[in-house]
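Reading through the structure tokens given below for one structure.
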Amino acid sequence: MKQFEVTHDPIQTEQYRAYVLDEHQGGVVVFTGHVREWTKGIKTEYLEYEAYVPMAEKKLAQIGDEITQRWPGTRTAIVHRIGPLNISDIAVLISVSSPHRKDAYRANEYAIERIKEIVPIWKKEIWEDGAQWQGHQHGSHKDAIEED
Amino acid sequence: MKVLYFAELKEILNVQSEEMNINSEITVETFKQTLIEQYPQIAEKQFQIAVNEEFVPSDAIIQQNDIVALIPPVSGG
């Protein structure tokens with residue numbers, strides 16, 4: 001595993017908890033985002049994720065740097081899966097540890113919000129009768145710079 | 001320069017990457033205009049430009065050996 005990684009393989013969760021843990025840390029928050037079958041009444045058959053892999057891994061590492069600046073003492077690992085994913089598969093995992101739990105909770109939520117803004121990964125929803133790439137207009141130069 | 005396409009843009013144009021020759025250094029804005037002239041089918045699509053794996057503003061300069069990526073609205077997570 002890498003600390004900030006895009007992978008085609010199913011995500012094995014426990015190694016990311018272990019990676020961020022050391023004797024300074026008192027809490028680990030591990031978030032897993034899963035493929036949802038129903039979105040606004042529409043049934044998804046499966047998802048297809050695509051990434052600009054080298055840039056996506058750089059942007060995940062940037063999010064890790066932003067978290068370190070905002071919450072000193074935290075440790076972060078993030079992995080995002082790409083390729084075809086079935087209902088309930090793990091698409092993304094964010095693991096953050098901190099000496100005290102509040103920082104890990106806050107940093108973890110910050111990470112998923114930033115992933116949705118600046119990491120070049122795209123989701124295609126495949127339905128029974130069609131398919132569509134998803135995405136809002138984020139990922140601009142402005143978004144890429146950390147906001148205080 | 002090498003140009004990379006992803007997601008919806010890749011499907012519309014049916015191309016993943018291609019080499020493009022530029023005569024001199026051009027701005028990102030000029031590159032986008034040139035690209036849309038060549039591919040009018042993506043004129044209405046939203047995308048950002050990344051140069052060498054970093055988002056850049058529209059007045060940034062693209063050089064001959066750069067890797068330029070069209071980044072449609074992202075939807076990871």
Is it the case, given these coordinates, that A:Val30 is of a type outside the set (Ser, Thr, Tyr), out of contact with any Phe, Trp or Tyr (no Cβ under 6 Å at 6 or more places or on another chain), within 13 Å of A:Ile82 (Cα to Cα) and surrounded by 13 or more Cβ atoms within 10 Å (Cβ to Cβ)?
no
Single residue of segment B:27-58 satisfying the filter (polar (S, T, N, Q) and in a loop (DSSP other than H, G, I, E, B)) that is modelled with the highest pLDDT
B:Asn52
Condition test on B:Asn14, is it surrounded by fewer than 18 Cβ atoms within 10 Å (Cβ to Cβ), under 30 Å from A:Thr7 (Cβ atoms) and either away from chain A (no Cβ under 14 Å) or free of Cβ contacts under 8 Å to residues at least 12 places away in the same chain (or both)?
yes
Which number in (1) within 13 Å of chain B (Cβ to nearest Cβ); (2) touching a residue at least 60 places away in the same chain (Cβ under 8 Å); (3) aliphatic (A, V, I, L, M) marks the one condition that A:Val28 misses?
(1)
Quick test for you: out of B:Ala50, B:Ala43, pick the one residue that is loosely packed, with under 13 Cβ neighbours inside 10 Å and of a type in the set (A, V, I, L, M).
B:Ala43
Complete set of residues in segment B:17-29 that are over 13 Å from B:Leu70 (Cα atoms) and either within 11 Å of the chain's Cα centre (by Cα) or surrounded by 15 or more Cβ atoms within 10 Å (Cβ to Cβ) (or both)
B:Met20, B:Ile22, B:Ile26, B:Thr27
Determine whether segment A:55-74 contains at least one residue that is assigned to a strand (DSSP E or B), at pLDDT 95 or above, touching a helix residue (DSSP H, G or I) at 6+ places or on another chain (Cβ under 6 Å) and of a type in the set (Val, Ile, Thr).
no
Considering A:Val79, A:Val35, A:Val20, which residue is touching a residue at least 40 places away in the same chain (Cβ under 8 Å), more than 14 Å from chain B (Cβ to nearest Cβ), in contact with a Ser or Thr (Cβ under 7 Å, 6 or more places away or on another chain) and among the β-branched types (Val, Ile, Thr)?
A:Val20
Could you list, in sequence order, the residues of segment B:62-77 that are more than 7 Å from chain A (Cβ to nearest Cβ) and either in a strand (DSSP E or B) or closer than 12 Å to A:Ala51 by Cβ (or both)?
B:Ile62, B:Ile67, B:Val68, B:Leu70
Given the criteria modelled with pLDDT of 95 or more, facing chain B (nearest Cβ under 9 Å) and closer than 18 Å to B:Val74 by Cβ, does A:Ile94 qualify?
no
Candidates A:Ile126, A:Ile78, filtered to the one that is at pLDDT 95 or above, in contact with a strand residue (DSSP E or B) (Cβ under 8 Å, 6 or more places away or on another chain) and not basic (Lys, Arg):
A:Ile78
Quick one: in segment A:54-73, which of the residues that are more than 10 Å from chain B (Cβ to nearest Cβ) and touching a residue at least 40 places away in the same chain (Cβ under 8 Å) is surrounded by the fewest Cβ atoms within 10 Å (Cβ to Cβ)?
A:Gln69
I'd like to verify a number: residues in segment B:31-57 that are out of contact with any Lys or Arg (no Cβ under 7 Å at 6 or more places or on another chain) and either at the interface with chain A (Cβ under 8 Å from one of its Cβ atoms) or among the acidic types (Asp, Glu) (or both), how many?
9
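The values are calculated or read from the model by the stated rules, or taken from the named source; none is laboratory data. Remember, it's a predicted structure, so these values are computed and weren't measured experimentally. A quick note on method: Cβ atoms are made from the backbone with ideal geometry, for glycine too, and the neighbour counts reach across all protein chains shown.
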